[in-house]
Amino acid sequence: MISPNLPAELKAALDARLQGFSRTDAAQRSQKISTTYRAGGGSGTIKSEADALAYALARMPATYAAVAASLSALAEIAPDFAPDTLLDVGAGPGTASWAAAEAFPSLQDFTLLDANATLSRLALELARDSTRLADCRYLPGEAATNLAEVAQADLVVASYIVGELSEGDQRKLAETMWAKARHALVVIEPGTPAGYDRILALRAQLIAQGAFVAAPCPHEKPCPLIAPDWCHFNQRLPRSQAHRQIKGAEVPFEDERFIYVALTRAPPAIRAARVLATPEVGKVEVTAKLCTADGVDLAKVPRRDKAAYASARRWRWGEAVIAES
């Protein structure tokens, strides 16, 4: 799995643009943007360079961590997948493209798509001196309109965009993204019950069109979880001093809750159970909630089975567990 931390090139590029930027002003701007998103709005409130920087400072680290974890899960289940081309839908400041570059060294061609011109300018500035993304293409315009006109890509990624659309537009976007995905599509949403419902709907829609689920599910069956339970994962990441200032936070880390689905054209090479919560490690046994091909299983690994117990002690929430044959 790749690191949840921003790559050194991206961090350096972002830090350079934050020189002299008031943290108080950034905090106010990011709070306004956050309020808009929580109310169901989109990026329309990001209108100036200062707005874009505030948004990047507040959200880029957590978004990157979630996308990195999701793409790492796909790479683990499809170890031979070596995409050459990427299409980043709803790219914003380019966060998912940076994560994809880290997860898949094979990527050579990056196309980013977003309607917000201010975020697109920031994305291009951040990528200008990158060894991997300097030649990326950024296409302005609404995804629903421009996506139909772009070429297929080996890998299509859409992070935190589906929730900005109406239900009807979500279905249209899912269908179009799948049509553009030559080999794989990865969609990431906030790890809330609403985000989970959106991922479930997209998952079911595209399975009906022939998609296979590479991760997190080890099957194409309906989700076995029963409300009020829902599938989501957590990625912990360190907070920089600037990040703590803009968030008004004291703790040196942040937990990003997210949900994702990785869909492929071909059946995945590996079918792995998925750890759905932090396992309970006791002196007698390790108890872990797993999503398996046969449904949810509360696995109990006894200490007397020393090898299995030692392995289970290392299981982490969201991890793939290869079933023994």
Open item on the list: Here's a check for you: in segment 252-289, which residue that is surrounded by fewer than 17 Cβ atoms within 10 Å (Cβ to Cβ) and within 17 Å of the chain's Cα centre (by Cα) is modelled with the lowest pLDDT?
Closed with: D255
TODO: Residue by residue through segment 79-119, note down the ones that are in contact (Cβ under 8 Å) with a residue 40 or more places away in the chain, closer than 19 Å to S48 by Cα, touching a Pro at 6+ places or on another chain (Cβ under 9 Å) and not in a helix (DSSP H, G or I).
DONE: D114, A115, N116
Task: The lone exception for R198 - which of (1) in contact with a Ser or Thr (Cβ under 8 Å, 6 or more places away or on another chain); (2) surrounded by 19 or more Cβ atoms within 10 Å (Cβ to Cβ); (3) of a type outside the set (A, V, I, L, M) it fails - done: (1)
Open item on the list: Against the condition touching a helix residue (DSSP H, G or I) at 6+ places or on another chain (Cβ under 9 Å), closer than 27 Å to M60 by Cα and open to solvent by 20 Å² or more (accessible area, probe 1.4 Å), how does C217 come out, does it pass?
Closed with: yes
TODO: Tell me, yes or no, whether segment 140-159 has at least one residue that is of a type in the set (D, E, K, R), at pLDDT below 95 and open to solvent by 10 Å² or more (accessible area, probe 1.4 Å).
DONE: yes
Open item on the list: Tally up the residues in segment 177-189 that are open to solvent by 40 Å² or more (accessible area, probe 1.4 Å) and either farther than 16 Å from D109 by Cα or under 13 Å from the mean Cα position of the chain (by Cα) (or both), please.
Closed with: 1
TODO: Output the qualifying pairs, or none if there are none: Cβ atoms under 6 angstrom, residues six or more apart or on different chains, first residue in segment 11-32 and within 12 Å of A52 (Cα to Cα), second residue charged (D, E, K, R) and at pLDDT 75 or above.
DONE: R29/D51
TODO: Scan segment 201-214 residue by residue and report those that are open to solvent by 40 Å² or more (accessible area, probe 1.4 Å) and within 18 Å of the chain's Cα centre (by Cα).
DONE: A201
Open item on the list: Restricting to segment 134-150, and then to whatever is among the hydrophobic types (A, V, I, L, M, F, W, C) and without any contact (Cβ under 8 Å) to a residue 40 or more places away in the chain, can you tell me which residue is farthest from E164 (Cα to Cα)?
Closed with: A134
- [ ] Filter segment 160-176 down to residues that are among the acidic types (D, E) and over 17 Å from the mean Cα position of the chain (by Cα) and give me whichever is surrounded by the fewest Cβ atoms within 10 Å (Cβ to Cβ).
- [x] E167
Open item on the list: Of everything in segment 127-146, what is small (G, A, S) and in a loop (DSSP other than H, G, I, E, B)? Give them in sequence order.
Closed with: S130, A134, G141
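The values are calculated or read from the model by the stated rules, or taken from the named source; none is laboratory data. Just so it is clear, the model here is predicted, and its values are computed rather than measured. Using ideal geometry, Cβ is built from the backbone for each residue, glycine included, and neighbour counts are taken over all protein chains shown. Each accessible area value is taken on the protein alone, full model and side chains, heavy atoms only, with ligands, DNA and RNA left out. Shrake-Rupley method; radii C 1.70, N 1.55, O 1.52, S 1.80 Å.
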